[in-house]
Structure formats: structure tokens, C-alpha cells
Amino acid sequence: MKVLKFGGTSVGSAARIKEVAKLITDRGANIIVLSAMSGTTNTLVEIADYLYKHNVNGAKETINSLEKKYFDVIDELLASDSSRSRARECIGSIFSHIRSFTHEGEFSQVEEKAILAQGELMSTNLMDIYLHEQGYNSVWLPALEFMRTDHNGEADVDYITLKLTPMLEQHGDADLFVTQGFICRNHRGETDNLLRGGSDLTASLIGAAINAEEIEIWTDIDGMHNNDPRYVEKTEPVHELHFNEAAELAYFGAKILHPTCVMPAKVNNIPIRVLNTMEPEARGTLIYNTVHSRSIKAVAAKDGVIAIKIKSSRMLPASGFIHRVFEIFDNYNRPIDMIATSEVGISVTIDDPLKLEHIIDELKEFGTVAVDYDMVIICVVGDLEWHNRGFEARAIDALRDVPVRMISYGGSNYNISFLVKKEDKVRALNALTDHLFLQGK
């Protein structure tokens, strides 16, 4: 059994739902994970925002507009009166539930998350109804009955396995299963979610729970590319990646794969294949636990980075100085991406400005502090073991005309990272592609 995940663009219209149905049918009793139709989650966030601001009429108007969009999709998607009637009843019931939150009074995060869950419930119900109309024995699996996070907000894989396994066994004659990405319940039983990109994580968790043969992530591009095609011409798909390489690329800016989805598949040795719904015949990218030839695979960029340089004014020993600096970031729960150190100085990068003023104030107790905003981390990923001579030199040489604020190498066997100014990002990405991937072609 495989797990196939389709994002919001892949099911963004009646026509796209029909195309996805062609891809998933007659392939065995696989589990299909769907995101909400593109634009839906943003609209649900807008509805919640109106309710936080006590603008009930604004929320109701937005709900009415979204409901009309879905009823138009129903008319285009389904051919029979009975299927259309079933879909209108189902989708109408979901919108009635959303309207139940449009009351005067306080609006909480619990209610917001309940509203955000409705997008995936609608997309999966529409797909399930369409598959039945086409003659397939599709089984709709409610993710809220098996997908759960624990007290720490981490996915509870044992619980997922315990609840999901009998649901699958109960429908041994199913042609395929359809379930929701992104949504879950927390340890208190409240409707919650796995944050943006969480549908990838849903697919990976289900794959781990059932020991899937493979996890397929279907998106709108033919695999993970060796650079960002929005800024660089002549990028190419990377056909094979190690899990660690894919995780580095996802964390440092490659939007095709959500970084959290890599670990459940990696530890359970379940390959992930990234494919393109618009070009289903394309080879895509296979991600697994095998390391291939010594090579640089791809480049990614992470925007919105803040660089902080702290120089000790007390000549503290390095161990005490570094410990105190890291303790401040830890107290504010701010993870650090890049680090460069000397005996009495340290530079770090973070990607969240929240509480930054407080962090700087505390750092100033130990030395002088300089902050650079709007920086970009350029991450070069591949088999970068230190004994692979020359790889780091090639990456550094590619950026010989780009000012580099920091370099991080050796913390991982899979990447070397450069910190540059925002205005130098595109030049840096193109220089790396020219030097690493196009030279000699």
C-alpha cells in the first residue's frame, strides 16, 4: 500500500479533481491524502480574522462567497442529480457548521482551528463523492479520528497506528481510501492542525503508521529542482536525494516539500517520491536512505534572516561566553540556523524577529551587539563530507563576486551555507547554478 498526497493546487478546481481521480484509480487500495482546495485555507483564515475583530457581517459575507464557489464546483464536477444532491447536503452542512461560529462575543483559537479544518473536510468529501459516481468503492477516512498530537505538540505515531489500522481492516474490499491532510486533534481532544505544509507531514505519518511501500507527494512541479526556478533559468529536477539532503533543502527554502515530513519516512525507511500532477509522466525526485555519487545536488535560499554579532567586552573564556549567549536564545525559544565563533566573538542567525529587542538587551550585558536585517541564507546541498576534496572550494569560488557575511561548513555532511544580503540573493543563486551545474555542459 502507498500513500499519495495532493496539495491544494492539485485539487484546486473541478477539472483538477477529475485529473487527480484519473491518477489515483486502478492503482490498488492506496491511501489518498488531500489538502484543501487552493485559496480555501486563506479564506477561512480571513473569516476567523473577521470574527476576532467582532465583524460578524464581514465573516458572513465571506462565508457566503466561499459557499457559492463550492456549489459552482459541485455543478461542474458531478453529473448525476443524486451525486449533486449528496454533495450539496454535505458541503451545506459544513458551511452551516462554519456559520455556527458567527456569534457575538469572544472568539478563541480553539474555534479558529475548528474553522480551518473545514477546507480539508470539503475537498475530501467532494473527491469521495466523485469517485463513487465513477463507480469506485472509495472509503472516506476521518483524520480527526486517528491523527493526534501529544502534550508536546508532536505527532503521536503509536496512537495513529492504533486507530488507523482497524479502520483500514474494516474496509478490506475498498478500492482506495481518501483522508484529510493538515488537520488533527491535540491531546485535549480539540480540533487542531499540523501547521502550513502539514499535509506532507500527514502523508509521512500515515506512511510510517502502516509501513507503506512508498509515499508520493504530488505537487505542481516535476520534483525538487537544483535551484529555485522562480529566480534561476535552466534549473533541472534532481532525480535522487538522500533524506538528509532533502531535509536540508526543505528547511532552507525549497518549498516543494515540508521539512517536518522527512523524519517519519526516514526513520521507517519509506521512500518519498515527489511528482507533478501537471506532468504525471515526469520522473520526479526519489528521496531515500541511499547515498549516491559524490556530487553537489542543489541550492536553496531562506529569506527573512536576521544576523546578530556579539563581541565580548569582558574577555570571557570562550566556553562561558558561548554558553551565556546560547542560553539567552534558548530562554526565548529561538532556534539558531548559522553560527560562526571566535575566542571572544560569535555571530548567529535567526529567522523570527519576535522578542528580538529583549534578546538584544540581554546580549548587551555581555558585549557589543550588531544586527543585520533582511539577510538570506544560501544553502548548497550534496555529499559534502570533508574528505571530498574541492567541493567547498567550488561553492566558495562561485560566490567570489558576492559579498558573504558568514559561512557555515562542517556542522553537517550535507550542506555548506552562505549568508548574503537580500539584494544579492538572485545574483548568488545564478552564480552557483552557472558554476556548479552548467559549467562544462
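The values are calculated or read from the model by the stated rules, or taken from the named source; none is laboratory data. Note that this is a predicted model, so its numbers are computed, not measured. With ideal geometry, Cβ positions are generated from the backbone for all residues, glycine too; neighbour counts draw on all protein chains shown. For the accessible areas, the whole protein counts, side chains as well, though only heavy atoms, and no ligand, DNA or RNA atoms are used. Shrake-Rupley method; radii C 1.70, N 1.55, O 1.52, S 1.80 Å.
Across the chain, Cα pairs under 8 Å and at least six residues apart give a relative contact order of 13 percent.
Helix 318-331 and the long axis of the chain differ in direction by around 20°, with both axes built from C-alpha atoms. The angle separating the long axis of helix 81-99 from the principal Cα axis of greatest extent in the chain is about 50 degrees. GNM on the chain, alpha-carbon springs under 10 angstrom: the most fluctuating residue among Ala203, Ala29, Ala298 is Ala29.
Derived scalar couplings between HN and Hα for segment 232-247 equal 10, 7, 6, 6, 9, x, 8, 6, 9, 9, 6, 3, 5, 5, 5, 5 Hz in order, rounded to whole Hz, by the Karplus curve 6.51 cos²θ - 1.76 cosθ + 1.60 (θ = phi - 60°), x for Gly and Pro.
Surface composition of segment 42-113: carbon and sulfur atoms hold 46% of the protein heavy-atom accessible area at a 1.4 Å probe.
Once you list every other residue whose beta carbon is under 15 Å from the beta carbon of Ser108, what net charge do they have if Lys and Arg are +1 and Asp and Glu are -1? So the environment of Ser108 carries a net charge of -4. For mean projected area of the Cα convex hull in nm², which listed value, (1) 23.9; (2) 27.6; (3) 19.9, comes from the coordinates shown? Of the listed options (1) 23.9; (2) 27.6; (3) 19.9, (1) comes from this structure. Only beta bridges with both residues in the chain are counted; by DSSP, about 60 percent of them are antiparallel.
Restricting attention to segment 95-198, close to 45% of DSSP beta bridges with both partner residues there are antiparallel.
In this model, which of Lys68/Lys113; Lys68/Lys266; Lys2/Lys60; Lys163/Lys302 are farther than 31 Å apart at the alpha-carbon?
Exceeds cut-off: Lys68/Lys266; Lys2/Lys60; Lys163/Lys302.
Mean-square fluctuations from a GNM of the chain, with a 10 angstrom spring cutoff on Cα atoms, peak among His225, His358, His171 at His358.
Bridgeable lysines around Lys311 (alpha carbons under 25 Å apart, same-chain partners fewer than 8 residues away excluded): Lys355, Lys364, Lys421, Lys422. Taking a ≥ b ≥ c as the square roots of the eigenvalues of the alpha-carbon gyration tensor, segment 103-172 is classed oblate because a/c is 1.5 or more while a/b is no larger than b/c. Springs between Cα atoms under 10 Å define the GNM used for the chain, and in it the highest mean-square fluctuation of Asp128, Asp397, Asp192 occurs at Asp397.
Relative to one another, the C-alpha centroids of segment 10-79 and segment 360-420 are positioned 41 Å apart. Other residues lying with their Cβ under 11 Å from the Cβ of Glu145 contribute a combined charge of +3, Lys and Arg counting +1, Asp and Glu -1.
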